[in-house]
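Comments concern the structure below.
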Amino acid sequence: MKTRKLKYLFAIPLLLVTAGIAAAATCSVPAGYPTIQAAVDDPTCAIVNVAAGVYAENVLISRAVTLNGAQAGQATSGRVSGGPDESIVVGANPAGSNPVFNINASSVTVDGFTIKNSVAAAAAIGVQISSGSNDAVTLNNFIDGIASTDLGATGTAAGIWVQDGITNANIGKNNISNVTANGAARGILIGDNASILNPADIVYMHENAISGITSAAGGGAGVVAARFSLSPAAFIFRQNQISNVNGNAFADGVRIECPLLDASLGPNDFTSFSSGSGDVAGIRFPDNTNGNFSDSSANNFNLPDTAYGIKIEGTFDNSLGPMNATCLVGESRRPRTRRPGPRRASQPEHRVQSLADDSRRSLYRQ
């Protein structure tokens, strides 16, 4: 698999102090500043340390800064979402699509918070990485209780939304849970099908736990790639755990709605999905006509017997290269095709076949 060198795997703050420029400072909330927004608005604060407590805010971050919650650098395992040792940031605007943290600048880090957001109108969003915000880092956060009760078309929810026009986002070791909406519910949403900006390029998602994604009337998905750069290795999704995804229309672990080149989709664990329609897939490629060159190897699918580990819909063109789906783990890995006839026995290695290969679609049931 072709790879590109990532700019970082872990963010390392870099401070440059020159003559005539105020020295960068480490600031504290609430000891030095009453709110997180107040510290963010002070350009001398290069690092903002936020003490444990509850902060009702929607924070707009328009400059490079590192925001450290009380649990910065600490894995979510062993912590309690919303517990007394957490820096808990609760969205304060229940009307409108207002993220709790809106990253609107390059070189921003959000580390070690509990993030909650319940809205009555429009979309509920935990963290938004806005267009033009390169080198964003979101680590070690509980993103919990992202819920929209809006019954209209805009009543959707996303734990993290990565907009178009960004490069190099590091999303790792977060616990994204209880993301609910009447419409589409997504743990992580990347891109916008309607956007005219350059698509997202290099989004590294690793060691996240995504669970409790529920759509009452639409589809639920752990991760949705709506629009992505066709650069090699733009989409990296490794060592994540996705569980308890529920949707009335469908329930997907990873849903790829756009062409990808040399994407890395494993290893990951997929457990306990359900859908009112019965349409469940660990990894889904819906209606892709431009080809998807990706590696979906070494995934563990612990899904219902009627579910698919990997499901390909529509015409699949592998002109960009084949999809590798070797070493799939599950109780059953029998390929199911649209063509009638006996099923082939399970093999230790499977490779997705394209229409160009044998004029059929192969849908890999777990």
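Bear in mind these aren't lab numbers, they're just calculated from the coordinates by the rules spelled out. As the structure is a computational prediction, the values presented were derived from the model and not from experiment. Backbone-built Cβ (ideal geometry, glycine too); neighbour counts: all protein chains shown.
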Within region 143-179, which residues have the backbone N less than 20 Å from the label spot 7 Å out from residue 277 along Cα→beta-carbon, could you tell me?
151-158
Using a Förster distance of 51 Å, how high is the FRET efficiency between residue 62 and residue 287, based on the Cβ-Cβ distance and rounded to 0.05?
0.85
Of 67-73, 216-222, ordering from highest average Cβ density within 10 Å down gives 216-222, 67-73
Can you compute 3J(HN,Hα) from phi for each residue in region 176-185, using the Karplus curve 6.51 cos²θ - 1.76 cosθ + 1.60 with θ = phi - 60°, rounded to whole Hz and x for Gly and Pro?
9, 9, 6, 9, 9, 6, 6, x, 4, 10
Using the Cα atoms as the points, what is the convex hull volume per residue of region 49-184 in Å³?
89
List the extent of the Cα atoms of region 26-335 along each of their three principal axes, largest first, rounded to whole Å.
60, 37, 36
Charge dipole (debye, nearest 20) of region 26-335; +1 at Cβ of Lys and Arg, -1 at Cβ of Asp and Glu:
220
Once fully extended, how much extra length lies between residue 24 and residue 298, figured as 0.36 nm per residue of separation less the alpha-carbon to alpha-carbon distance?
94.1 nm
